[in-house]
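Structure first, commentary second.
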Amino acid sequence: ERGLRVADKGFLNTAVITSEITYIDGDNGVLRYRGYPIEELALHSNFLEVAYLLIYGSLPSRPNFKVFQREVMTHSIVHVDAEGLFKSFRYDAHPMAILSSAFSALGSFYEEANPSLRGQNLFTKSDPASLANMDKQIYRIIGKATTFAAMAYRVRQGRPFVTPPTGLSYTASFLYQMDHLGQEDYVPSPTLAKALDILFILHADHELNASSTTVLQTGSSLVDPYSCMAAGIASLYGPLHGGANEAVIRMLISIGHPENVPAFLESVKKRERVLSGFGHRVYKTSDPRSFIIRKIADEVFKETGEDELLKTAMVLHDLAMKDEYFTSRKLAPNVDFWSGLIYRAMGFPMDFFPVLFVVPRVVGWLAHWRQMMLQPGGVKIWRPRQVYVGETKRDYVPMEQRV
Ligand code: SDX
């Protein structure tokens, strides 16, 4: 077919949409949500306020924030039938597999997910009722993200599920559901809840990364947003994407002590190993999130005690940053290099780390999904082409004549 050009491998330098949500300047290490620098949001805001900003485009007034917060926290309650789904998994099932299944099943709980009801122009800016319906689906997904994650954690721990508490912040409620062991007056650590809140702000969105693209590709067929989340989780699960924070810890454990770092770096240069937590498709100087996360690590370690892998991570960081092999390829720490050390210090199991990426990232996925649903002219299904390079026409050969 004339005129078709194959995009660079991995969609390198290929833009498929215009967006008003997140701005990244990869050469200068800049990240802004709706124009606000990530550093200012991490310092002054909180995760639910940033969620509102990303989804609706502006910082909320106090009354609007109160409604948003109340709706999200109310929708954190999960239908008891969902418990059966979680209990059907073995205790050692990967929590990302559980989470993807749970969101896929979530659609079956709600009438609006019924395919026969999902036609074009389902949501239109001029129809307040359709916008309210969309908002309800958004509240449900953000609210249930923590409850589902906590339930997946409890499956792993072999413990009963905990009903979301009232009166706690989004991340404190999440920690409460995970760590509550029946103590009457249990209150999660404010330091850890705050650290998790900032980490969630940093992980909330990142323009059109692999999982956000998956969500939009899926959503372009007008399937329900719950199924879009399940697809996004599957993409984020991979070690080149959200699974990297788990891969970093497995890498640090395999290196062992700091004196083994030079030999490890040699194995990376021979392409026998990957330096997980380093490199980025867009950032070619530094990932601004990694600096903030590094600082959070020190705060958390003051409360939890320092992780013995931190020294290995610091030696690995310092040697790689001075090594021409990495500097010539513009490789620097990304969002995943330090975050795993924090989650480990907070006591999460290693394969739970990508779940801590999913919970905040559903906000970014929803912001992009809403932007696509409300785009002028309605939704157009994403159906790229290919350039065919296979066999030319040939005739069928009966089995007995084949060699
Ligand atoms: C996330 O897209 C996003 O925004 C993602 C994310 C988000 O918020 O959504 O930021 C979250 O996914 C962060 C990235 C987490 N992944 C990892 O840490 C895994 C390790 N990183 C690499 O796999 C890699 O850097 C990627 C996948 C992140 C980016 O890959 P690219 O853009 O396709 O880059 P590339 O593979 O073309 O690398 C260019 C060169 C190559 O060398 P040459 O073949 O040219 O000699 O750099 C090398 C690569 O071999 N390289 C690495 C490396 N990353 C790239 N070599 C060793 N270790 C690495 N980590």
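Coordinate-derived values only; no laboratory data. All figures in this text were calculated on a predicted structure; none of them were measured in a lab. Counting neighbours? That spans all protein chains shown, and the Cβs are built from the backbone with ideal geometry, glycine included.
Per-structure values
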{"quantity": "Length gained when the stretch Leu222-Ile17 is fully extended (0.36 nm per residue, less Cα-Cα span)", "calculated": "72.1 nm"}
{"quantity": "Mean residue ellipticity (222 nm) of the chain, computed from DSSP H runs ≥ 4 via -39,500 (n - 2.57), nearest 500", "calculated": "-16500 deg cm²/dmol"}
{"quantity": "Dipole magnitude (debye, nearest 20) for the chain, charges at Cβ of Lys, Arg, Asp, Glu", "calculated": "1020 debye"}
{"quantity": "Evaluated at q = 0.09, 0.10, 0.14 Å⁻¹: base-10 log I(q)/I(0), Debye formula over Cα of the chain", "calculated": "-0.58, -0.70, -1.30"}
{"quantity": "Residues whose placed amide H lies under 5 Å from that of Arg273, excluding near-sequence neighbours", "calculated": "Val268"}
{"quantity": "Backbone HN-Hα couplings from phi across the range 140-148 [Karplus 6.51/-1.76/1.60, Hz, Gly and Pro as x]", "calculated": "4, 5, 5, x, 7, 4, 6, 5, 4"}
{"quantity": "For the chain, built as a Gaussian network whose Cα springs stay under 10 Å, the top-fluctuating residue of Lys270, Lys87, Lys66", "calculated": "Lys270"}
{"quantity": "In Hz, Karplus ³J(HN,Hα) per residue of the range 302-316 (6.51, -1.76, 1.60; θ = phi - 60°; x = Gly, Pro)", "calculated": "4, 8, 9, x, 6, 6, 5, 7, 4, 4, 4, 4, 5, 5, 4"}
{"quantity": "Likely footprinting exposure, Thr146, Thr18, Thr191, fewest C-beta neighbours within 10 Å first", "calculated": "Thr18, Thr191, Thr146"}
{"quantity": "Over the chain, relative contact order from alpha-carbon pairs under 8 Å, at least 6 apart, %", "calculated": "24 percent"}
{"quantity": "Three-way shape label, the range 1-157, alpha-carbon gyration tensor, a/c 1.5", "calculated": "rounded"}
{"quantity": "Cα gyration tensor category, rounded, prolate or oblate, for the range 270-403 with a/c compared to 1.5", "calculated": "prolate"}
{"quantity": "The range 183-239 - percent relative contact order, Cα under 8 Å, separation 6 or more", "calculated": "31 percent"}
{"quantity": "Choice from His94, His206, His257 showing the highest fluctuation, given a GNM over the chain with Cα pairs closer than 10 Å", "calculated": "His257"}
{"quantity": "Farthest positive-ward along the chain dipole, Cα basis, beta-carbon charges - from Ala150, Met314, Thr214", "calculated": "Thr214"}
{"quantity": "When each of Lys270/Lys322; Lys125/Lys194; Lys144/Lys302; Lys270/Lys295 is checked by Cα-Cα distance, pairs over 25 Å", "calculated": "Lys125/Lys194; Lys144/Lys302; Lys270/Lys295"}
{"quantity": "Loop-exposed GluC sites (Glu not before Pro) per DSSP, neighbour cap 14 Cβ within 10 angstrom, longest uninterrupted part of the chain", "calculated": "21-183"}
{"quantity": "Along the chain, longest interval not containing exposed chymotrypsin sites (Phe, Trp or Tyr not before Pro), exposed being DSSP loop plus at most 10 other Cβ atoms within 10 Å", "calculated": "92-387"}
{"quantity": "³J(HN,Hα), Karplus 6.51/-1.76/1.60, whole Hz, each residue of the range 262-268, x for Gly, Pro", "calculated": "x, 5, 5, 5, 5, 5, 5"}
{"quantity": "Shape of the range 112-240, Cα gyration tensor, a/c cut at 1.5", "calculated": "prolate"}
{"quantity": "Loop sites in the range 309-403: trypsin sites (Lys or Arg not before Pro), DSSP, at most 14 other Cβ within 10 Å", "calculated": "Arg329, Lys330, Lys380, Arg385, Lys393, Arg394, Arg402"}
{"quantity": "For Val30, residues with placed amide H under 5 Å, excluding near neighbours", "calculated": "Asp25"}
